[in-house]
Structure formats: structure tokens, C-alpha cells
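Asker: Let me give you the structure first, and then I'll get to my questions.
The values are calculated or read from the model by the stated rules, or taken from the named source; none is laboratory data. Every value quoted in this text rests on a predicted model; they were computed, and no experiment measured them. So basically every Cβ, Gly included, is an ideal-geometry build from the backbone, and we count neighbours across all protein chains shown.
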Amino acid sequence: MTSIAAPRMTAPRRRVIPFVGQTLAYFHDPLATLIHHYDTFGPVSDYKFIGRPWTMMLGPDASEIVLRNADKAFENAGGWGYLIGPFFDRGLMLLDFEEHHHHRRILQEAFTRPRIADYTSTLGPAIAAGLDGWSTSEDFRAYPALKDLTLDLATQIFMGGADVADSDELARVNQAFIDCVQAGLGFIRVPLPGTRWRRGLRGRRVLEEFFRRHIPARRASTGTDLFSALCHIETDDGHRLSDDDVVNHMIFLLMAAHDTSTITVTTMMQQLGQHPEWQERCRAESMALPLHPSLDELDTLTSLNLVMKECLRLVPPVPGMARQAVKDTEVLGHHVPAGRRVTVGVHLTHHMPELWPDPERFDPERFADDRREDKVHRYAWQPFGGGVHKCIGLYFGTVEVTMIVHQLLRRFEWSIDQDYVPPMNYHSLPFPKDGLPVDVRPLEQGLPE
Ligand code: HEM
């Protein structure tokens, strides 16, 4: 019996201006660009991004195939590594297969519930101290204030606070860290003077030197911060992190935790400012709890949890995930050649009308038990990714964001014009270019401690 091989389909290609064509369109309006791409070419298609051919995976089916990676056809090192590798070298997200599994098992020990309870015991007072410095006004810029707040929290929770460095050094470390984050999506990908790339490489050296210098003290300490935890954690079978591992993981963890949490709280402030009924509903639940709730008490903030999920849907802090094919493979019948870089377009999936009725509407109830629109597909809602690289800080990040908004609600009330649409910058992770102007006022009634 003879068989006829099915013709191999290649992903539809789009003629573009080399190097800048789609990159600029994407930076200008990513969602519109992705919708156009999906409507024109379907869930799997080729495009050019930062000068290289990539294949775009859109929609939950294509996302699932790549993220679950059942036949190990995709790796992170060649995908994320191309974008941010020099700055976040050997961070967990840039490791693959056996090596990734080995490191993830050790790092899990730093993200157990008791450890998170330890981190959060310092988180509540640190948030309160940070908010003490907020001077409210009709034109308060929420995004930079939240970015400063979460960076301060990172130094408390991740590095053990002020004993690690003086304020000048912390400012230098913070700048180095920002330079690393911004370097990844620069057009010029060599260290020419004045480029983001060069600043990023310099930033990486500052961070390496900083963490390496503080390792001996952390190894000797009994601190409950994440840095100390990484210096001490050990799996049941005795695996620990080397000094190099601790440095590499710390630098990546800082990045992974900081911007993602900032963006999430920023979107929540925007939506709660534009939807006073939700702000009141969330505040009523927060007022029923102490200022510094336990992890169990945080679980009772049902409305806040719905709002957070909806905000993560509307503005996923990681709007796309990068991979590289390590062998020839197929996704939904389309050939993806070995070596091809691939993006999983989370942002579009979160706005597909076939998954989310009235997708642009802020509607936290869509995640309520009686609706659960996210259940329509395992990969309809994927702000934390999926598969073996799914966010290891999912729970910790949720707790941090919830605790910040909980305190905001108990301390302030705020409003934003209903018609306001934030002008977003998508050059690295998304943020409002105007800093999100908000009318913030201290809450009228006094607060129980
Ligand atoms: C709202 C907050 C957060 C969001 C939306 C978020 C999102 C994500 C996403 C989408 C991924 C998967 C990337 C991929 O597969 O390509 C990821 C991975 C990761 N995240 Fe988060 N993240 C958040 C908070 C955090 C926090 C607080 C930490 C640490 C304290 C963290 C640490 C990590 C790490 C280490 C990875 C890599 C996991 C691996 O490769 O095994 N994240 N995150």
C-alpha cells in the first residue's frame, strides 16, 4: 500500500519593511496590530520583529501547544535569551529542560507558603511606610509612585532591607536594574555608546558585583528575606545553589517580580478609579480586615481578587512569551523550522471576542464562580504563562499586589475620568506613558489599626 504525504503547510508570510515595519506598528498599538495579524493570517503566521523572522502564535490552541511543549520542540534560551539574555543570563526563565527542572526544584523551596508568610510579615509595614510618603493631589501620577513603592518593597523583601546597602548604593542598584530591563527591546543590539544595550550591560555588571559582595553575609545570616532564602535553601536530596546561581537568580527574580506587580497595581488603580462601584465594593471588604492581614485573611478579599484577574486579562504585564524551535515541528498544521523564534501572543488571546464576551469591557464578574469565562479554554487566561515555565512567583505576586491595593483602599479614595484611555508604552513591559494621572484624596473616615 502506498501513502501520499500531506502537503506541508508553512506559516503565511507577510511582506514588510525589513527591520522596522511590524516592530514599529506593534510598539504603536500592539493590540490593533495583533488583531489585524490574526484576522489576516490566522493563529500561526510569520512576521519580522527587531530585525529577525519570528512565528506568531495567537489564540489559546496555538499557545497551549507551545507552552505545554509536549514534544520538547521549543526552548526558552533562544527565545527570551535573544531579547534579554545578556542582562538576565541564567535566570530561571532562560534555562531549559533538565537544567531548568533542577534549578526550579531548588527555587521552589523559596516559594513555599511558610516562606511567603515570612516575606509578607515585613511586607505590610513596608507598604504602610511607603504610602506615608504619598502626597495626594488632583493630578497624582500613580505609575511612578507605584514603581518606587514596589522597588522599595523589593529591597525589603528580596534583599533584607537597609542593612544591605546605603541609600546611594540602593539608588545605583535600582538604576542598574532599570537599565537591564529597558535594554531588551532596543533596536540597536550591540553596545554602542549611548545605547540602551550598553547601559544594560553596565547595569548587569553593577548588579552582579552588588549581589556577589553580599553573599557571604547572607550565607551567615538567619534573615527571612528572599536573598537569604536563596543562600540557604536545599532540596530533600541535598541540592543547593552556588554563589553564581544565587547572583543570577536574584537578578532575574528582581526583574520578574518588580515590573509585573507594578503594572498590575497600576491597572487596578486605573480601573477602580473609573469604576467607583467596584472601588466601594473592594473597600468594604478591606475595611473588614486588619491593616496587615494574614494570608488566610487575604483570601477573603473576593472582589479584589476578581478585579485583579480582570486587570491581568485586560493588560497582561507579560503580553508575549518568547521561545525558539529546537527542531522542525508543526503547530496547528503549520511547519515551524528548527531555529525559528516564536512569540506566544497573550495580549490578543485575552481580548478575543470568541473567548471573552464584550472583551474590552471591565467586567470582573466574568471570573465569578457562576460565570468563570476563563474556563472556556485552559489557555484563555494566561497572565502567568503555562507549562513548566509557569510563573513561580504567581502566589507571591498575587499576595503582594493584593496587600498593596488593600492598603490603598483603606487609606485613599481616587477617581479617574471615565473616558480616559492610558497612552501605553510597549517598548519593554507595558506602562502608561503619562504616569496615569489620578485624583487621589485621603479617605474621609479614620481607619482602625
Ligand atoms: C502579577 C505578577 C506577575 C506576573 C503577571 C508574572 C508573569 C509571568 C509569566 C507570564 C511568566 C512565564 C514566562 C514564560 O513562560 O515565557 C513568568 C515566569 C516567571 N516569574 Fe512571574 N509574574 C509575576 C510575578 C512574579 C513574582 C512576584 C516573581 C518572583 C518573586 C516571579 C518570578 C518568575 C520566575 C522566576 C519565572 C520563570 C519561571 C520558569 O521559567 O520556570 N514572577 N511570570
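Asker: Those residues that are of a type outside the set (A, V, I, L, M, F, W, C) and either surrounded by 17 or more Cβ atoms within 10 Å (Cβ to Cβ) or at pLDDT 95 or above (or both), I need them from the range 168-181; list them, please.
Answerer: Once the filter is applied, which keeps residues that are of a type outside the set (A, V, I, L, M, F, W, C) and either surrounded by 17 or more Cβ atoms within 10 Å (Cβ to Cβ) or at pLDDT 95 or above (or both), the range 168-181 yields ASN174, ASP179.
Asker: For the range 222-262, enumerate the residues that are touching a residue at least 12 places away in the same chain (Cβ under 8 Å), out of contact with any Lys or Arg (no Cβ under 9 Å at 6 or more places or on another chain) and farther than 15 Å from ALA110 by Cβ.
Answerer: We begin by selecting, within the range 222-262, every residue touching a residue at least 12 places away in the same chain (Cβ under 8 Å); these are 223-235, 239-241, 243-262.
Now restrict to residues that are out of contact with any Lys or Arg (no Cβ under 9 Å at 6 or more places or on another chain): 223, 240-241, 250, 253-257, 260-261.
Matches in the range 222-262: MET255, THR260, SER261.
Asker: A further question on this structure: Considering only residues of the range 240-294 that are more than 16 Å from the ligand (Cβ to nearest atom), assigned to a loop (DSSP other than H, G, I, E, B) and closer than 21 Å to ILE116 by Cβ, which is modelled with the lowest pLDDT?
Answerer: Among them, the one singled out is ARG240.
Asker: When the residues of the range 316-339 are filtered to those that are assigned to a loop (DSSP other than H, G, I, E, B) and within 16 Å of the ligand (Cβ to nearest atom), which remaining residue is farthest from the chain's Cα centre (by Cα)?
Answerer: Within the range 316-339, the match that is farthest from the chain's Cα centre (by Cα) is VAL326.
Asker: Are any of the residues in the range 194-209 among the aromatic types (Phe, Trp, Tyr) and modelled with pLDDT of 90 or more?
Answerer: From the range 194-209, those among the aromatic types (Phe, Trp, Tyr) are 197; that's our starting set.
From what's left, modelled with pLDDT of 90 or more: 197.
Yes, that holds for at least one residue.
This table checks each residue for (1) part of a loop (DSSP other than H, G, I, E, B); (2) within 18 Å of ALA325 (Cα to Cα).
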| residue | (1), (2) |
| --- | --- |
| THR33 | no, no |
| HIS37 | no, no |
| THR40 | no, no |
| SER45 | no, yes |
| LYS48 | no, yes |
| TRP54 | no, yes |
| ASP61 | no, yes |
| ILE65 | no, yes |
| LYS72 | yes, yes |
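Asker: Any idea which of (1) of a type in the set (A, V, I, L, M, F, W, C); (2) crowded, with 20+ Cβ neighbours inside 10 Å; (3) under 30 Å from PRO423 (Cα atoms) is the one ALA110 doesn't satisfy?
Answerer: (3)
Asker: Separate question: Is at least one residue of the range 162-175 more than 14 Å from the ligand (Cβ to nearest atom), in contact with a Phe, Trp or Tyr (Cβ under 8 Å, 6 or more places away or on another chain) and in a loop (DSSP other than H, G, I, E, B)?
Answerer: Checking the range 162-175: at least one residue is more than 14 Å from the ligand (Cβ to nearest atom), in contact with a Phe, Trp or Tyr (Cβ under 8 Å, 6 or more places away or on another chain) and in a loop (DSSP other than H, G, I, E, B).
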